[in-house]
1. Leaving ligands, DNA and RNA out of it, rank 35, 143 by accessible area with a 1.4 Å probe, largest first.
2. What FRET efficiency, computed as 1/(1 + (r/R0)^6) with R0 = 25 Å and r the Cβ-Cβ distance, is obtained for residue 177 and residue 55, rounded to the nearest 0.05?
3. Work out Dmax and Rg for the stretch 26-114 from the C-alpha atoms and quote the Rg first, both in angstrom.
4. As a test of reading the structure, rank 181, 44 by solvent-accessible area (1.4 Å probe, protein chains only), most first.
5. In what sequence, largest accessible area first, do 149, 30, 68 appear using a 1.4 Å probe?
6. So what is the diffusion coefficient of the stretch 14-55 in µm² per second by Stokes-Einstein at 10 °C and 1.306 mPa s, using a Kirkwood Rh over Cα pairs?
Amino acid sequence: MGTLLFASAAMAEPDQRVAQGISVGVSNFRYFGLLRPFEQATTMEAAYQRALGTQGLGQNLFLGGGLRFAMPTAKINFPLEVFARGELRTRLGFWEPAAGLELGFSQVALPWRRLRIPFANEILEAEDGRNGPLYFAIHAAPLRFHFGRFVVGTLEVQWGPSGPPFGTVQRLHLGLARVEMQL
């Protein structure tokens with residue numbers, strides 16, 4: 001998919017204005033530790049993104065950021081998270097896939113406490129110390145479709161470690177639906 005994105009971005013027709021947009025979306029995510037999963041959260045997201053240029057590869061590289069609100073609040077630590085994302089996008093007819101990286105700050109994750117193992121408290125406390133507030137994720141959105149000024153997407157995937165320390169707790173984020181309006 002990366003080769004396809006770079007090849008079509010290099011052949012893209014130049015546009016004279018910098019593309020920018022706002023989006024809203026709904027997603028689910030969960031952290032996975034070595035010993036147990038964390039509680040699942042559903043998020044509502046609002047984001048802004050802007051192309052780096054008007055011609056060539058710059059019109060297909062987007063930077064942006066946003067805010068997510070997580071629910072249900074009874075199963076999470078803190079309901080807000082903030083993120084920054086860099087994406088490479090390309091447009092082939094009405095299909096507009098995207099891939100990139102996301103860096104964020106989140107206190108949403110709450111470890112799953114329903115384990116019935118003797119001496120589990122010591123094990124669970126050790127794992128709780130391995131989940132830091134930062135995360136780094138690879139982002140892929142292959143099902144995005146462009147209709148006029150709107151981009152509609154579904155089944156986005158993000159995966160990566162949270163920390164510090166990074167590597168022991170992983171985050172899997174599934175985007176269920178997104179609507180973006182270009183300004």
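1. Accessible-area ranking of 35, 143, largest first: 35, 143.
2. 0.20
3. Here Rg and the maximum Cα pair distance are 16.2, 53 Å.
4. My answer, sorted largest first, is 44, 181.
5. Ranking 149, 30, 68 by accessible area, largest first, yields 149, 30, 68.
6. 119 µm²/s
The values are calculated or read from the model by the stated rules, or taken from the named source; none is laboratory data. Treat the numbers as computed from the prediction; the structure is a model and nothing was measured. Note that each Cβ is placed from the backbone with ideal geometry, even for glycine, and that neighbours are counted across all protein chains shown. Calculation scope for accessible area: heavy atoms of the full protein, side chains included, ligands and nucleic acids excluded. Shrake-Rupley method; radii C 1.70, N 1.55, O 1.52, S 1.80 Å.
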